[in-house]
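Report on the following structure.
What follows draws every value from the coordinates through simple rules; no lab data is involved. Bear in mind the structure is a predicted one, so any value in this text is a computation, not a measurement. Virtual Cβ from ideal backbone geometry, glycine too; neighbours counted across all protein chains shown.
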Amino acid sequence: MINNKSIKKQSWKPGNVLWPLPVVMVSCGGTKQFKPNIITIAWVGTICSSPPMLSISVRPERYSYEIINTTGEFVVNIPSLREAKAVDWCGVVSGRDKDKFKEMNLTPAPALKTKCPIILECPINIECIVKKTLKLGTHTMFISEIIAVQVSDELLDKKGKFHFEKNGMISFANGQYFTLGKNIGHLGYTVRKNNKIRR
C-alpha cells in the first residue's frame, strides 16, 4: 500500500495530458474531388452509445481537414503493430505531396457505407458520417455517427468471440508510442470476485 505522505505533486500549466490515447489512422477522400488520403490522429474519442458516435479533432491547416469538412465522412481505422511505421509516417507527411496508401503499401478497400475507403490492413474499420462540426481553437471537432464497422477475422476465435488483445493496439503519450499492457480484469470484477453470481 502507498504511503500517502510519500506522494508528492508538481504543478504544471494546463495542457493535454489525458494519457494514454488511442492512435488511429483516419482515411478520407476517394471521390472525384479528392484522392484517398490518410491522417494519423490521437485526438479521438467515444462520445455516445445510442446512436453510436465518436469524435475526431483535426487542425484546419491539415490536408485531410478540407476533405472531411467537404465530404462529411471518414473512416477510423484502428491499426496493429504491423502498421506502426505507417502510423507515424502518415502523421508527419502531408497528403498534398504524397500518396500515403502507395508509399506505405496500404490497400484502399471499399467501405460498406461510405465513399471513402477503409485501410484493409487495419484490423478494425469504423465508418462515420459527420453530424456536427465544432471550431474549438487549434482544432476543429467532427462529431460523427458510426454507420458501419468491419472487423478482421484474425481478431475472432472459432466461436466468433472478439479478442481485442490480438490487435496489438498502439497508444500515444507525451510524444511517444506505446503498446497496451496485460489484462488486469474485466468490467465489474471488483464486485464479482468476492460474491457468487446469482443465476
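Determine the calculated [θ] at 222 nm for the chain from helices alone, applying -39500 (n - 2.57) to every DSSP H run no shorter than 4 residues and normalising by the residue count; nearest 500 deg cm²/dmol.
-3000 deg cm²/dmol
Which value, in debye to the nearest 20, describes the size of the charge dipole of the stretch 50-94 about its Cα centre when Lys and Arg Cβ atoms bear +1, Asp and Glu Cβ atoms bear -1, and nothing else is charged?
That gives the stretch 50-94 a dipole magnitude of about 120 debye.
Return the FRET efficiency for the residue pair ARG96, THR138: r is the Cβ-Cβ distance, R0 is 30 Å, and the value is rounded to the nearest 0.05.
The pair ARG96/THR138 has a calculated efficiency of 0.95.
Which value, in Å³ per residue, describes the convex hull spanned by the Cα atoms of the stretch 2-114?
177 Å³
Over the stretch 1-117, calculate the relative contact order: mean separation of alpha carbon pairs under 8 Å at least 6 apart, over the residue count, as a percent.
Rounded, it is 30 percent for the stretch 1-117.
Assigning unit charges at the beta carbon (Lys, Arg +1; Asp, Glu -1) and nothing else, what dipole magnitude in debye, to the nearest 20, does the chain show about its Cα centre?
The dipole of the chain has a size of about 1020 debye.
Provide the convex hull volume over Cα atoms per residue for the stretch 128-189, in Å³.
181 Å³
Calculated FRET efficiency, LYS159 and SER49, Cβ-Cβ r, R0 41 Å, to nearest 0.05?
0.95
Taking the Cα-to-Cβ direction at LEU81 and at ASN183 and moving 7 Å from each Cα, how far apart do the two end points lie in nm?
Computed distance between label sites LEU81 and ASN183 equals 1.7 nm.
Using only alpha carbon pairs under 8 Å that are at least six residues apart, calculate the relative contact order of the chain and give it in whole percent.
It rounds to 22 percent for the chain.
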